[in-house]
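Written below as structure tokens is the structure these notes are about.
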Amino acid sequence: AATLHGLGPDDVLVLAGSTPDGTGDAHAEMARGAASHGTRVVLDASGAALVRLIAARPEAVKVSADEARELGGEQDVAGDDRPSRLAPVPIVGVTDGATGLRAWLPDGRAVRVMPPSDLAVMASLGAGDAVTAGLAIALAGGHDPLDGFVLGTAMAASTLDHLDASVDRAAVERLRKDVRVIPLDSRP
């Protein structure tokens, strides 16, 4: 109830991370409640909690390729097709490390968002969370979700050259111009 109090149609609720056993239903209730307030819901979860949250009809889901495999098997992440279990979700992003992410957007666009090349990688902790944050920032600002995936990819790239998961704003702006977007039916 505390989470839902005050949420409105211009807000974005991000439900992300692991959930303790027995709490997945609470997150699904939050997602349904937020949607009933007109709030945009973004998910970044895995396992059984993700399955329950997808049933709550979020606007966007960001998962890793491994999480997509858990959802629907190897065939769902091997090609450029939207993972079948995520078909009802309007905005889907599947991250896959150095190969970037594949995104499916409500207007039918399907793209690969490629990070800048030749990045120094010391640690990847928080990179996926940065992608989710970029998407949420774009949606909260009323921008194209693709802009959010580009921002999130630059944010993720900015976290790779140091051990903590902090995002460096100056690095994000520098890296953002080198993020490439190509149609999924094209090869990098």
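The values are calculated or read from the model by the stated rules, or taken from the named source; none is laboratory data. No experiment lies behind these values; they were computed from the predicted model shown. Neighbour counts run over all protein chains shown; Cβ positions are idealised from the backbone, glycine included. Quick note on the areas: whole protein, heavy atoms, side chains included, nothing else; ligands and nucleic acids left out. Shrake-Rupley method; radii C 1.70, N 1.55, O 1.52, S 1.80 Å.
Observations, loosely collected:
- Whole-percent carbon and sulfur share, accessible surface of region 11-159, 1.4 Å: 51
- Protection proxy ranking of 163-176, 138-151 - average other beta-carbon atoms within 10 Å, highest first: 138-151, 163-176
- Computed helical MRE - 222 nm, the chain, DSSP H runs ≥ 4 contributing -39500 (n - 2.57), nearest 500: -11000 deg cm²/dmol
- Most to least accessible of L160, L101, L119 (protein chains only, probe 1.4 Å): L119, L160, L101
- Beta bridges per DSSP, both residues in the chain: antiparallel share near 50 percent.
- Relative contact order, whole percent, for the chain stands at 16, derived from Cα pairs under 8 Å and 6 or more residues apart.
- Residue-normalised accessible area of the chain, expressed per residue, 1.4 Å probe, Å²: 49
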